[in-house]
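Visitor: Below are the structure tokens for one structure; questions will follow.
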């Protein structure tokens, strides 16, 4: 993780409750669910990346935004980063299975490992892990809870 002296946080109201956006000066680092907010002091100055991320999130929930453009910098293993990169290719309104993501990564038997990486996604919604479903299309595990996964997919027309 980046030096905590340069970490900023902003709480944002959403249909999923209060979400915490965490950034450095240039990148969005985390989106934390209401039950998992980090204890970070908030600075007195507005951090442009947090303002932009909050605006894009609001636009997403209102249906006015389908793609995010704020720069992201998730921290994880090489495999996790490859999974998260692949998740960003899953378009608005689409769903893929864990197996399909594993196949896209050239690891057709790695769907359980993909599931582990999806579950550790530090920037949900911006890295759309909610678009990944079980083999039969069922909603399965989601760090923000299955109710929130359903809400997010509903925002995208599911």
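Taken together, the values in this text are just the output of simple stated rules run on the coordinates, not laboratory data. Treat the numbers as computed from the prediction; the structure is a model and nothing was measured. Note that each Cβ is placed from the backbone with ideal geometry, even for glycine, and that neighbours are counted across all protein chains shown.
Visitor: What is the extension gain from residue 55 to residue 94, computed as 0.36 nm multiplied by their sequence separation minus the C-alpha to C-alpha distance, in nm to one decimal?
Guide: Gain in length upon complete extension: 11.8 nm.
Visitor: For the chain, what's the relative contact order in percent, using C-alpha pairs closer than 8 Å and at least 6 residues apart?
Guide: Details: 226 pairs, mean separation 29.9, N = 158.
Relative contact order, the chain: 19 percent.
Visitor: Among 158, 75, which comes first, second and so on when ranked by fewest other beta-carbon atoms within 10 Å?
Guide: Values: 158 15, 75 12.
Final ranking by Cβ density, sparse to dense: 75, 158.
Visitor: Moving on to the next point. Per Stokes-Einstein, at 4 °C and 1.567 mPa s, what whole-number D in µm² s⁻¹ belongs to region 78-155, with the Kirkwood radius over Cα pairs as the hydrodynamic radius? Intermediate values should be presented prior to the final figure.
Guide: On the way: Rh = 12.1 Å.
Here the translational diffusion coefficient equals 107 µm²/s.
Visitor: Return one number: the angle in degrees, 0 to 90 and rounded to the nearest 10, between the long axis of the Cα atoms of helix 78-87 and the longest principal axis of the Cα atoms of the chain.
Guide: 80 degrees
Visitor: For the chain, just list the percent of Cα-Cα distances falling in each 5 Å bin from zero outward, please.
Guide: Going out from 0 Å in 5 Å bins, the chain shows 2, 9, 19, 22, 21, 15, 8, 3, 1, 0 percent.
Visitor: Separate question: Enter the angle in degrees (range 0 to 90, nearest 10) between the Cα long axis of helix 146-155 and the first principal axis of the Cα atoms of the chain, meaning the one along which they spread out most.
Guide: Tilt of helix 146-155: around 90 degrees.
Visitor: Right, something else. Run the simple label-point estimate for residue 62 and residue 13 please: 7 Å along Cα→C-beta, distance reported in nm.
Guide: Computed distance between label sites residue 62 and residue 13 equals 1.4 nm.
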